[in-house]
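Notes follow once the structure below has been shown.
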Amino acid sequence: MQAIIDACRNHTINAVPVLLISNKADSGALRKARAEKISAHYLSSYTHSNENELSDAMLKLLIEHDVDWIILAGYLKLLPKKVINYYKGMILNIHPALLPKYGGKGFYGKRVHQAVIDAGEKETGITIHIVDEEYDRGKIISQCVVPVMDGDDAESLSKRVLEHEHVFFVETLRKLCNGELVI
């Protein structure tokens, strides 16, 4: 998230971040967004008793802030269907593997990297994809390969993939905003 905000601020990405929604009340992302003067809100099943109320609250904020694209950078929950349908084709997620491998419910963070190592893969990577109603199944927009090194464990592989994620997501968003990459 911070890499994207920085890239917008220094005009690498031709966009303006206007809203951050987190499903974790103590998220560092909320603090960082507020420090950057970006409207930041905590919404979850704890703040809204059912999916319909949560959907309505999210949509209200997204529409009020005139959001064009939703970028998931650390948001691990499946978005409500109403939000996905309203922003169909305009929600991007980053995943720390080469989808369609090692994706789906429960495949996040070090779990992904451990699965890659356990399978004996020689390469992994990063996938940026459109979000739909299933975890990690939307149309793939771009991918970046990251080698799996001899002696890697989930921690070392995670760190190397994360280093590439910051650059790769920014570069992909830059291309989308400049029309170099069309969905």
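The values are calculated or read from the model by the stated rules, or taken from the named source; none is laboratory data. As the structure is a prediction and not an experimental result, all values here were calculated from the model. We place every Cβ from the backbone using ideal geometry, glycine too, and count neighbours over all the protein chains shown.
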Legend entry - Candidate set: region 47-59, residues that are among the aliphatic types (A, V, I, L, M) and out of contact with any helix residue (DSSP H, G or I) (no Cβ under 7 Å at 6 or more places or on another chain); chosen: the one surrounded by the fewest Cβ atoms within 10 Å (Cβ to Cβ): A57
Inset, instruction - Inspect region 126-138 for any residue being under 14 Å from the mean Cα position of the chain (by Cα), of a type in the set (K, R) and outside any strand (DSSP E or B) and give the result as yes or no. - result: yes
Legend entry - Flag if K159 is surrounded by 13 or more Cβ atoms within 10 Å (Cβ to Cβ) and basic (K, R): no
Legend entry - Count of residues meeting criterion [surrounded by 15 or more Cβ atoms within 10 Å (Cβ to Cβ) and outside any loop (DSSP other than H, G, I, E, B)] in region 7-32: 9
Inset, instruction - Restricting attention to region 33-46, report how many residues are surrounded by fewer than 17 Cβ atoms within 10 Å (Cβ to Cβ), part of a helix (DSSP H, G or I) and in contact with a strand residue (DSSP E or B) (Cβ under 8 Å, 6 or more places away or on another chain). - result: 1
Inset, instruction - Determine whether region 124-141 contains at least one residue that is in contact with a strand residue (DSSP E or B) (Cβ under 6 Å, 6 or more places away or on another chain), of a type in the set (A, V, I, L, M, F, W, C), surrounded by fewer than 20 Cβ atoms within 10 Å (Cβ to Cβ) and modelled with pLDDT of 95 or more. - result: yes
Legend entry - When residues of region 47-105 are limited to those that are in a helix (DSSP H, G or I) and free of Cβ contacts under 8 Å to residues at least 12 places away in the same chain, the one nearest to V131 (Cα to Cα): N85
Inset, instruction - Of the conditions (1) in contact with a helix residue (DSSP H, G or I) (Cβ under 6 Å, 6 or more places away or on another chain); (2) of a type in the set (S, T, N, Q); (3) exposed (fewer than 15 other Cβ atoms within 10 Å of the Cβ); (4) not in a loop (DSSP other than H, G, I, E, B), Q114 clears all except one; give me its number. - result: (3)
Legend entry - Positions within region 60-75 being surrounded by fewer than 16 Cβ atoms within 10 Å (Cβ to Cβ) and of a type in the set (F, W, Y), in sequence order: W69
Legend entry - Near pairs, Cβ below 6 angstrom, 6+ apart or cross-chain, from region 123-150 (within 29 Å of Y86 (Cβ to Cβ)) to any residue that is surrounded by fewer than 18 Cβ atoms within 10 Å (Cβ to Cβ) and charged (D, E, K, R): I130/K139; E133/K81; Y135/K105
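Would you confirm whether any residue within region 147-161 is under 15 Å from the mean Cα position of the chain (by Cα) and modelled with pLDDT of 95 or more?
The answer is yes, given that some residue of region 147-161 is under 15 Å from the mean Cα position of the chain (by Cα) and modelled with pLDDT of 95 or more.
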